[in-house]
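Trainee: This structure is in structure tokens; I'll ask about it shortly.
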């Protein structure tokens with residue numbers, strides 16, 4: 001009985017494999033374009049007044065059109081793979097998006113890139129924020145006091 005079951009099971013498996021192979025042969029053939037982003041500015045951080053440059057290179061396909069967006073608004077004239085902002089200011093900080101299209105207008109890729117423009121801020125006289133060195137010194141003193149207290153308890 002056990003031998004007959006395994007024989008029929010093997011025949012069933014072979015029949016299913018043949019049917020699946022035939023079904024796959026009857027299916028439509030499609031081509032897939034393999035593309036890879038070979039270089040992309042991950043995030044850009046520049047000082048205020050410097051030029052902000054964001055670039056994306058795509059291997060495998062050559063897009064026919066590009067469009068850059070800033071905060072989901074299309075940027076006028078920003079239709080190249082490299083986006084340059086001369087004399088960037090803090091208001092230029094945010095999320096930039098690049099959409100790349102083929103000749104038929106189909107989107108090939110869309111990607112977001114974060115950019116940040118920072119101002120050099122010099123603390124003014126009377127600034128009440130605590131310098132980092134003082135904060136670390138306070139933490140070190142608390143740690144030393146705790147270690148001394150634990151040592152005294154261990155000796156007692």
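The values are calculated or read from the model by the stated rules, or taken from the named source; none is laboratory data. Model, not experiment: these values are computed from the prediction. Neighbour counts are summed over all protein chains in view; Cβ atoms, including those assigned to glycine, are modelled from backbone coordinates with ideal geometry.
Trainee: Which residue pairs have Cβ atoms under 6 Å apart, sit 6 or more places apart or on different chains, and have a first residue in the stretch 72-93 that is on the phi > 0 side of the Ramachandran plot and a second that is part of a loop (DSSP other than H, G, I, E, B)?
Mentor: 87/49
Trainee: Collect the residues in the stretch 94-124 that are without any contact (Cβ under 8 Å) to a residue 12 or more places away in the chain and under 12 Å from residue 53 (Cα atoms), keeping them in residue-number order.
Mentor: Residues of the stretch 94-124 without any contact (Cβ under 8 Å) to a residue 12 or more places away in the chain: 104, 106-107, 121-124.
Hits for the stretch 94-124: nothing passes.
Trainee: Only one of (1) modelled with pLDDT of 75 or more; (2) farther than 22 Å from residue 44 by Cα; (3) part of a loop (DSSP other than H, G, I, E, B) fails for residue 127. Which number is that?
Mentor: Of (1) modelled with pLDDT of 75 or more; (2) farther than 22 Å from residue 44 by Cα; (3) part of a loop (DSSP other than H, G, I, E, B), only one is false for residue 127: (1).
Trainee: Next up: If the requirement is being at pLDDT 85 or above and in a loop (DSSP other than H, G, I, E, B), which of these qualifies: 88, 114?
Mentor: Values: 114 fails: in a loop (DSSP other than H, G, I, E, B).
Among 88, 114, only 88 is at pLDDT 85 or above and in a loop (DSSP other than H, G, I, E, B).
Trainee: A follow-up question, please. Residue 58: at negative phi and either exposed (fewer than 10 other Cβ atoms within 10 Å of the Cβ) or modelled with pLDDT under 55 (or both), yes or no? Can you show your working first?
Mentor: Values: at negative phi: yes; either exposed (fewer than 10 other Cβ atoms within 10 Å of the Cβ) or modelled with pLDDT under 55 (or both): no.
No.
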